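Written below as structure tokens is the structure these notes are about.
The values are calculated or read from the model by the stated rules, or taken from the named source; none is laboratory data. Keep in mind it's a predicted model, so treat the numbers as computed, not measured. Using ideal geometry, Cβ is built from the backbone for each residue, glycine included, and neighbour counts are taken over all protein chains shown. The accessibility values were calculated without ligands, DNA or RNA, using every heavy atom of the protein model including side chains. Shrake-Rupley method; radii C 1.70, N 1.55, O 1.52, S 1.80 Å.
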Amino acid sequence: MNRYPKYRYPEESGMKNRVWPTRRIERMPQMVPVDLRDGNQAFAKPMDVETKLNYFKLLVEIGFKEIEAGFPAASTEEYEFVRRLIEENRIPEDVRIVVFTAAKEALVERTVQAIAGIRQAVVHCYVAASELHREFVFHRTPRELIDLAADGTKMVVNALKRYGLYEKCAYEFSPEEFSDSDPAFIVELAEEVRRTWGRSGKENFIFNLPATVERRPPNQYADLIELFTRNYSGMAETTLSIHTHNDQGCAVAAAELAVLAGAERIEGTLGGHGERTGNMDIITFSLNMMARGIETGLDFRHLPEIVAFIEHVSGIRTDPRHPYTGELVFTAFSGTHQDAIRKGMAQRETISEHFRQGWKMPYLLIDPADIGRGYEGLVRINSQSGKGGVAYVLESVYGIPLPKAMQPEVAKAVQQEAERFGGELSPAEVHRIFLEQFVDRPGEFSIGDVRICRPSPEDAEKTEVELCVRTNAEEAVHIVSGSAAGPIEAVVNALRKVPGMPDFQLEHYSEHALRSGADAQAVAFIALRFPENGALVFGAGKNSNVNLAAVSAIVSALNRR
């Protein structure tokens, strides 16, 4: 039987007096998408050349200035893609591509051959450097592995010189599984690789410290990064890069803490695609920075279209709860959340002044409009929704502002329907329920002709109303009239003369214009109190004439009692 625990907590680095927790990210690190290589190699069906060309164009449009193009020595298609980028002049002057290779002579030669004639590029070489790989995959001593890294670097230098590219290209080296390697060993390897490369300047040498498999919590990864910066002598001549994977779901957190610890460049993919649980999601990282007021230099104003393209290319649907990109990330079903969002959206300017920032909203981290999303999906209705959510849908989609006191009654009707049929109700279904149950509600009373005379023939200070009222109980039509200071009160006075009419009191009246212009309509809201049981009942009416809308609302309330 195995005497050891199956899993154990990763050993600490021994870091003392760490500084990274005291810092904050002030400016955006350089973001490098590896979708075309690391992301692509994890797809069940890798992209063809035309698809990669379209993907490259998308990455350029988003604003990336360094893009990993692929592994040219891996296949004919990979090689052809890189050649077409160069020969068809598809790489903007301010963008440089990265080509990836293992430290093997034939692969290095093929890789450099692929970028012949390029204005600028980065050649990225790697060697797995963890003790696990060194001892049990390569069966080499530490010194032998350093020599392997240096030899691979010499191969790159020699190949670049043969093709006249040494002065045009930068070099990136990755000790794979850095986060599972001995920190002192990685420093020694980095010193040797930098000396072997030979060209000075941060723009010419990139040392990448990957969490190839996420085996540590993010704070330990940050410790390792800061420890490296303390002991490595070439920081002034090196761009320090990171590459985090998401095996424990912490890739973005690890990247953020690594930047605090000294990382200047980050590799990842749009949506986090990659082997196993994927690479760090560049979209999430970038929009996190945007939400903290940091200028990213990246354009995600058309994020839904970007997501649709990635889904099409990868054949993988985006999880609806994925940060920023998911369908439901700006959606509230809970009644309390819906109510808070509705109230917040109605007070945007006041909130902005109070907090001295342009956007701060209950339950909404960023403005959906900043990434191409609308507000119509903020609130969606099911049996868990409350009065605020129903009110928000009717107002934001149909321009119907329910009075506060009426909202619980409408919400109850919507909730009962949601419970009866199960699932979510669309805005159209919410609107239908409102119309069927509250607007022009059929029932015991109905009104035909309405005549409004202002001023009243009997009193110039009043309005007279004559109604033609039909009651189901008597199957008769009653012509009644009433007068008052205003038409609504006059209607109430007239209705009280109808035989069999229950006693009621008008407690609320409001109106709202739904549209302007020739086809303008108004909606009126009425609340009637019935003394016989104390019930307060709402009704609504719609008409191009606001007075007739009010009459309809009163009849609806009578028929709903």
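Listed by position, the helices (runs of 4 or more DSSP H) contained in the range 219-335 that have at least 2 residues being in contact (Cβ under 8 Å) with a residue 40 or more places away in the chain, surrounded by fewer than 22 Cβ atoms within 10 Å (Cβ to Cβ) and in contact with a Gly (Cβ under 7 Å, 6 or more places away or on another chain) are 303-314.
Residues of the range 85-101 being in a strand (DSSP E or B) and either acidic (Asp, Glu) or open to solvent by 20 Å² or more (accessible area, probe 1.4 Å) (or both), which ones?
If the condition is that a residue be in a strand (DSSP E or B) and either acidic (Asp, Glu) or open to solvent by 20 Å² or more (accessible area, probe 1.4 Å) (or both), then ARG96 is the only one that fits.
Is it the case, given these coordinates, that ALA411 is out of contact with any strand residue (DSSP E or B) (no Cβ under 6 Å at 6 or more places or on another chain), among the small types (Gly, Ala, Ser) and not in a helix (DSSP H, G or I)? It is false that ALA411 is out of contact with any strand residue (DSSP E or B) (no Cβ under 6 Å at 6 or more places or on another chain), among the small types (Gly, Ala, Ser) and not in a helix (DSSP H, G or I). Here SER174 meets the list (1) touching a His at 6+ places or on another chain (Cβ under 8 Å); (2) surrounded by fewer than 23 Cβ atoms within 10 Å (Cβ to Cβ) almost entirely, failing just condition (2). Of all residues in the range 440-477, those satisfying the criterion of being touching an Asp or Glu at 6+ places or on another chain (Cβ under 6 Å) and open to solvent by less than 50 Å² (accessible area, probe 1.4 Å) are CYS453, SER456, CYS468. Total residues in the range 509-547 satisfying the condition of being farther than 21 Å from HIS431 by Cα and part of a helix (DSSP H, G or I): the figure is 1. Please go through the range 2-49 and give me each residue that is among the hydroxyl-bearing types (Ser, Thr, Tyr) and either open to solvent by 50 Å² or more (accessible area, probe 1.4 Å) or on the phi > 0 side of the Ramachandran plot (or both), ordered by number. Once the filter is applied, which keeps residues that are among the hydroxyl-bearing types (Ser, Thr, Tyr) and either open to solvent by 50 Å² or more (accessible area, probe 1.4 Å) or on the phi > 0 side of the Ramachandran plot (or both), the range 2-49 yields TYR4, TYR7, TYR9, THR22. Is it the case, given these coordinates, that GLU61 is charged (D, E, K, R) and either more than 26 Å from THR277 (Cβ to Cβ) or open to solvent by 20 Å² or more (accessible area, probe 1.4 Å) (or both)? Yes: the conditions hold for GLU61. For the range 178-201, the criterion of a residue being under 20 Å from ARG83 (Cβ atoms), surrounded by fewer than 21 Cβ atoms within 10 Å (Cβ to Cβ) and touching a residue at least 12 places away in the same chain (Cβ under 8 Å) is satisfied by no position. Answer yes or no: is there a residue in the range 355-362 that is in contact (Cβ under 8 Å) with a residue 12 or more places away in the chain, assigned to a loop (DSSP other than H, G, I, E, B), surrounded by 14 or more Cβ atoms within 10 Å (Cβ to Cβ) and on the phi < 0 side of the Ramachandran plot. Looking through the range 355-362, at least one residue is in contact (Cβ under 8 Å) with a residue 12 or more places away in the chain, assigned to a loop (DSSP other than H, G, I, E, B), surrounded by 14 or more Cβ atoms within 10 Å (Cβ to Cβ) and on the phi < 0 side of the Ramachandran plot. Candidates LEU160, LEU209: the one that is assigned to a strand (DSSP E or B) and in contact with a Phe, Trp or Tyr (Cβ under 7 Å, 6 or more places away or on another chain) is LEU209.
Of the residues GLY164, GLY152, which is surrounded by 16 or more Cβ atoms within 10 Å (Cβ to Cβ) and modelled with pLDDT of 95 or more?
GLY152
Whenever a residue of the range 379-400 is under 11 Å from ALA411 (Cβ atoms) and outside any loop (DSSP other than H, G, I, E, B), its partners that are at pLDDT 85 or above and aromatic (Phe, Trp, Tyr), lying with C-beta atoms within less than 8 angstrom and at least six residues away or across chains, give the pairs LEU394/PHE434. Scanning the range 336-385 for residues that are more than 21 Å from the chain's Cα centre (by Cα) and farther than 28 Å from GLU429 by Cα turns up GLU349, THR350, ILE351, SER352, GLU353, HIS354, PHE355, ARG356.
Filtered by the rule that a residue be in contact (Cβ under 8 Å) with a residue 24 or more places away in the chain and open to solvent by 60 Å² or more (accessible area, probe 1.4 Å), the range 127-141 gives GLU131, LEU132. Can you find a residue in the range 392-404 that is surrounded by fewer than 15 Cβ atoms within 10 Å (Cβ to Cβ) and under 22 Å from LEU328 (Cβ atoms)? Scanning the range 392-404 turns up no residue that is surrounded by fewer than 15 Cβ atoms within 10 Å (Cβ to Cβ) and under 22 Å from LEU328 (Cβ atoms).
Only one of the numbered conditions (1) assigned to a helix (DSSP H, G or I); (2) over 28 Å from the mean Cα position of the chain (by Cα) is violated by LYS16, and that is (1).
Only one of the numbered conditions (1) assigned to a strand (DSSP E or B); (2) more than 22 Å from VAL551 (Cβ to Cβ) is violated by ARG432, and that is (1).
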